[in-house]
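Worksheet for the structure shown next.
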């Protein structure tokens, strides 16, 4: 298809560095970030343009100056699925989260990103969706799960919101079938040891001079008074 050939060279679009992403999210100019971090604006510019590689210590210091922290999270890997009944579409190996408020942002797309049949009713060359509005979010998710580029999907489709909307999405059978195992995996009952959120119970047990997990004599039912 002409649509596929037009965008085939743009599947792997370059992304912003973590330094630039944090700086922009904090509303800082390169000059202001340099002032806070006590470094040179020219260095930040070179880091963001990937002309110079900062050390890990430098990255952490710049992110801290922009009120961000470096966080390790699993990478999402994508496969392009070819199906005879629909156009090719992207499927990930896992679901992910898009941070608040980005997952509820207004998003805009150029109609030429999608096949003509998907944009037949568009009145303009671009279209905007407010992801904080459930109906608009569903409409957008239906479009990009079928026709969106993988980096577009990853940047705007939140896993938890997708789980909530899954039953209401109108999708071709091939697309729903390809994504269904991810939905099932994300919602299955979790086996194994219970999690202590934030280590709060372990901390309190320490304050009470108890071990954690609790000693056996504390693991039974609370005696009635």
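The values are calculated or read from the model by the stated rules, or taken from the named source; none is laboratory data. Computed from a predicted model, the values in this text were never measured in an experiment. Positions of Cβ are backbone-derived with ideal geometry, glycine not excepted, and every protein chain shown enters the neighbour counts.
Within the range 81-93, the set of residues being modelled with pLDDT of 95 or more and surrounded by fewer than 16 Cβ atoms within 10 Å (Cβ to Cβ) comprises 93 only. Restricting the first member to the range 149-174 and to residues that are without any contact (Cβ under 8 Å) to a residue 24 or more places away in the chain and in the same structural domain as residue 128 (by TED's automatic domain parsing), and the second to residues that are crowded, with 16+ Cβ neighbours inside 10 Å and in a helix (DSSP H, G or I), the beta-carbon pairs closer than 6 Å and six or more apart or on different chains are 166/183. Exactly one residue out of 43, 15, 5 is modelled with pLDDT of 95 or more and either outside the structural domain of residue 142 (by TED's automatic domain parsing) or not in a helix (DSSP H, G or I) (or both), and it is 43. Summed over the range 96-125, the residues that are assigned to a strand (DSSP E or B) and either touching a helix residue (DSSP H, G or I) at 6+ places or on another chain (Cβ under 8 Å) or over 23 Å from residue 68 (Cα atoms) (or both) give a count of 4. The number of residues in the range 122-148 being within 13 Å of residue 107 (Cβ to Cβ) and either in contact (Cβ under 8 Å) with a residue 40 or more places away in the chain or outside the structural domain of residue 102 (by TED's automatic domain parsing) (or both) comes to 1. Report yes if residue 146 is surrounded by 18 or more Cβ atoms within 10 Å (Cβ to Cβ) and more than 20 Å from residue 187 (Cβ to Cβ), otherwise no. Yes, satisfied. Residue count for the range 185-213 satisfying the condition of being at pLDDT 90 or above and part of a helix (DSSP H, G or I): 13.
If you go through the range 78-95 and keep only what is assigned to a loop (DSSP other than H, G, I, E, B) and either out of contact with any strand residue (DSSP E or B) (no Cβ under 8 Å at 6 or more places or on another chain) or not assigned by TED's automatic domain parsing to the domain that holds residue 175 (or both), you end up with 84, 85, 94, 95. Quick check: is even one residue across the range 186-204 surrounded by 13 or more Cβ atoms within 10 Å (Cβ to Cβ) and touching a residue at least 24 places away in the same chain (Cβ under 8 Å)? For the range 186-204, residues surrounded by 13 or more Cβ atoms within 10 Å (Cβ to Cβ) and touching a residue at least 24 places away in the same chain (Cβ under 8 Å): present.
Of the listed requirements (1) more than 28 Å from residue 87 (Cβ to Cβ); (2) at pLDDT below 95, residue 132 misses just one: (2). Counting the residues of the range 94-103 that are over 18 Å from residue 171 (Cβ atoms) and surrounded by 15 or more Cβ atoms within 10 Å (Cβ to Cβ) gives 3.
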